[in-house]
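Structure first, then comments.
Since every read-out is calculated from the coordinates, none of them should be taken as a lab result. All values reported here derive from a predicted model rather than from experimental measurement. Backbone-built Cβ (ideal geometry, glycine too); neighbour counts: all protein chains shown.
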Ligand SMILES: [Zn+2]
């Protein structure tokens, strides 16, 4: 199965979202579900 790097998290499988002034919440990428890879036919 062909896969490519997830463009949402750039292959890290995690995304950072501002949680407040001094905190940064890191959560699994909703697009690749933390794998960092998505099927090649997905945009
Ligand atoms: Zn991702």
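Need one number: nm distance between label points at residue 25 and residue 1, each 7 Å from Cα along Cα→Cβ, rounded to one decimal.
Inter-label distance under the simple model: 2.9 nm.
Quick one: which of 22-31, 5-14 comes out on top by average Cβ neighbours within 10 Å, and what's the full order, highest first? Don't skip to the end; give the middle numbers.
Values: 22-31: 11.1, 5-14: 15.3.
Top of the packing list down: 5-14, 22-31.
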